[in-house]
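Quick notes on the structure that follows.
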Amino acid sequence: MNCTWGNKEMPTVNYSLFYWYKNTSDKAVECKQYLQHQGVRVGCYFKKNELIQFQPFHVLINASVGGKTLEISRKHMQLQDLVKPEAPVNLTLRNMSNNQLQLTWASPYPRNGCLKHTVKYKSNKDTSWTELSVNGGVFSLPSVDYEKSYTFYVRSKINSFCGTTQLWSEWSVPVTWGSNSTSKGTVEDLYWVGIRTILVPIASCLLLLVLVILLVRMERVWVILMPRIPNPSKNFDELFITHNGNFQEWTGVPKDVVESFKPNYSENICYVTELPPKDSHEPLWDSSNHAPPPMPGPPAAPSEHSPYQNSYGRL
């Protein structure tokens, strides 16, 4: 902690600072590390182990003039009401789902539960800043435009649970996100954007290819397990389209064979003639000669149903 004096007018003599806690009966301790300007004391620096919060803090400033000690100022105060935290550090932006942007940071102040924060941001197309109060070290912007670039600042102060100070820290180093952004905080966002624009389409294509392969394999398995019922109508297309239903032409059966299946069909008489051997002198017999002499034995009865019952032969 720094305690300074002489802000309006530069002191001409060296002041001495004494401090103590609780009440005036406690022993006063002189400042161990003075702040100087041009060889003149202008303040006192207190280390962390020298400060006790939530207890009345008493300060006495003396000056030695002409061998006499003069009391310049005496005050008591609450240290927790005088704390001015250091500016937040390590601002980081993350691109969340549904176009949501998340901002996180860290504070050098050791008691994070005693801090409240203000986030200030605007886009490159906005004319004014937007400031929002935040409890904790996380801020979420519900919707962002990828065509814009956004700049963020954060500052902190002690909240009402730990003090009544109105001293805000300085604004943090800005962090930028969006188009044409070169801020360090956007490296992680660019990384995820690259993954989303490159790997996601490739993964989608691979998944679609796997699904197609599985469907083809399932189609083959389904055909094996449940074979398709053949359609015999295609086998008769030629009969009805080309031959107009003519079964004879379609099957290629000869006409005389078809005629033989009719009920009133009668076959023409066929005369049979047997030729004698070449060295025989017997006369040839044909249908113009007289019938040959009958052979000994009972005459053969002609077949009742034979179509050749009127023809003759000789053995």
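The values are calculated or read from the model by the stated rules, or taken from the named source; none is laboratory data. Keep in mind the model is a prediction, meaning the values are calculated, not measured. Here Cβ is always computed from backbone atoms with ideal geometry, including for glycine, and neighbour counts include all displayed protein chains. Calculation scope for accessible area: heavy atoms of the full protein, side chains included, ligands and nucleic acids excluded. Shrake-Rupley method; radii C 1.70, N 1.55, O 1.52, S 1.80 Å.
Using DSSP to define loop residues, name the chymotrypsin sites (Phe, Trp or Tyr not before Pro) in the range 101-167 whose beta-carbon has at most 11 other beta-carbon atoms within 10 Å. Hits after loop and neighbour filter: W129, Y146, F161. Sparsely packed loop sites in the range 37-114 (the GluC sites (Glu not before Pro) outside DSSP H, G, I, E and B with at most 16 other Cβ atoms within 10 Å) comprise E86. Given their separation in residues at 0.36 nm each and the Cα-Cα distance between them, I195 and L208 gain 2.8 nm when the chain is fully extended. Once the C-beta distance of Y45 and T92 is scaled by a Förster radius of 22 Å, the resulting FRET efficiency is 0.10 to the nearest 0.05.
Between N14 and M1, residue separation times 0.36 nm minus the direct Cα-Cα distance comes to 2.7 nm. In plain terms, the chain from I229 to V65 could stretch by 47.0 nm, reckoned as 0.36 nm per residue minus the Cα-Cα distance. Protein heavy-atom surface of the range 8-159, 1.4 angstrom probe: 46% of the accessible area is carbon and sulfur, with nucleic acids and ligands not counted. Derived from the Cα gyration tensor, the three semi-axes of the equivalent ellipsoid of the range 56-172 are 42, 15, 11 Å, largest first. Beyond 19 Å in Cα-Cα separation lie the following of the pairs K84/K122; K32/K157; K84/K116; K122/K148; K120/K148; K120/K157: K84/K122; K32/K157. In this simple spin-label approximation, N268 and R217 carry label points 7 Å from Cα along the Cα→Cβ vector, and these lie 7.2 nm apart.
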